[in-house]
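Readers should treat all values here as calculations from the given coordinates under stated rules, not as data from a laboratory. Please read all numbers here as calculations on a predicted model, not as lab measurements. Ideal geometry is used to build each Cβ from the backbone, glycine not excepted, and the neighbour counts take in all protein chains shown.
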Amino acid sequence: MKPKLSIKPTGDGAFKIATAVVAASALAILVVTAYVLISGSSLALGTYGPGFVTGTQWNAVEGRESFGAFPYILGTLVTSGLALLIGVPLSIGIAIFLVEMAPRAIRVPISYLVELLAAVPSVIYGLWGIFVLRFWMLDNIEKPLSASLGWIPIFSGNPIGLDIFTAGVILAIMIIPTIASVSREVISAVPNSIREGAYSIGATKWEVIRHWVLAYGRSGIFGAVILGLGRAIGETMAVTMVIGNATGPAALPTSLFRSGQTMPSLIANGFFDAQSPVASSAYLAVGLILLIVSILISVAAHMMVTRVLKVKGGAIE
């Protein structure tokens, strides 16, 4: 009679189970977070309906509650868009310089310096924005723009330094490490055979970078931009300290020189001061909107980056 074979768990099997548990825990955290936000925001969303998204009033005083998130949704989109407008060209320029032009003696130090920007706490950016950047922006950019282009709505108003423009510049500085680092890896992954082929037909360095290198890695660079956008949308502390924190219709971003608020700054400023269940639910509803936007951006970034940044044998698949 043949002895029965016993199946014992191997090291690989235990490792597989452990990694599966870790991966499932990440999904569980997301599900629990979504559940808390959905259940907590149901009172406000049920009370105001679609008007919560389209309304402009925000009054958290008990007995006179009125909540509309539209100015803060717009404020988030405007500051994030401004950050991309300023930060993306700088980030791509840094990536191109480091990969294509910088000598090795300065390539590594500059790479470390760019990555170091990501390690600076956001509150430090906020303090620097209040005590340094605010006054520099006010004297050298906002006042001249208001004086010469004040007839254009986005440059109208009385510049004060603590406004949407300054918040956008702070965000631009904060997203540079993310976009520059990913873009550098994308450009580095472009096969040298493409560059050599372009040079062999007489292309200049600028033409090689523009028509071959950037074109070959455009999907990966777009993914880097989406990752930077996700960082800009979710940033809280630095924006809260420099955006002015207006509420209600005054927070509508009709001018770059107006004070405003974003969804994260609104939650940070008012959630713990909510005086009624409806007010607490309204802040959670804003958090739910922010979560949905962040998830959509993360999914888009994952799809773009994983499709391009699969490098094997020195070539992009």
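For the stretch 224-288, the gyration tensor built on C-alpha atoms gives an oblate shape. Its axis ratio a/c (a ≥ b ≥ c) is at least 1.5, and a/b is not larger than b/c. For the chain, the mean residue ellipticity at 222 nm estimated from helices alone is -20500 deg cm²/dmol, where every DSSP H run of n ≥ 4 contributes -39500 (n - 2.57) and the total is divided by all residues, rounded to the nearest 500.
Among 64, 218, a tally of other beta-carbon atoms within 10 Å of each Cβ gives an order, fewest to most, of 64, 218. Under the membrane-span-like helix rule (DSSP H runs whose alpha carbons stretch at least 18 Å along the helix axis, mean Kyte-Doolittle hydropathy 0.0 or higher), the chain yields 11-48, 70-96, 104-117, 164-188, 218-234, 277-308. According to the square roots a ≥ b ≥ c of the eigenvalues of the Cα gyration tensor, what is the shape class of the stretch 1-111, taking rounded for a/c under 1.5, prolate for a/b larger than b/c otherwise, and oblate for the remainder? Judged from the Cα gyration tensor, the stretch 1-111 comes out oblate (a/c at least 1.5, b/c at or above a/b). Packing-based ranking of 199-209, 21-31 yields 199-209, 21-31, ordered from highest to lowest mean Cβ neighbour count within 10 Å. What does the C-alpha gyration tensor say about the overall shape of the chain? Classify as rounded when a/c is under 1.5, otherwise prolate if a/b is larger than b/c, or oblate. Because a/c hits 1.5 or more and a/b fails to exceed b/c, the chain counts as oblate. Of the chymotrypsin sites (Phe, Trp or Tyr not before Pro) found in the stretch 99-161, those in coil by DSSP whose Cβ has at most 12 other Cβ atoms within 10 Å are 151.
I need to check one value: relative contact order of the chain, counting alpha carbon pairs closer than 8 Å and at least 6 residues apart, in percent. Contact order relative to length: 28 percent.
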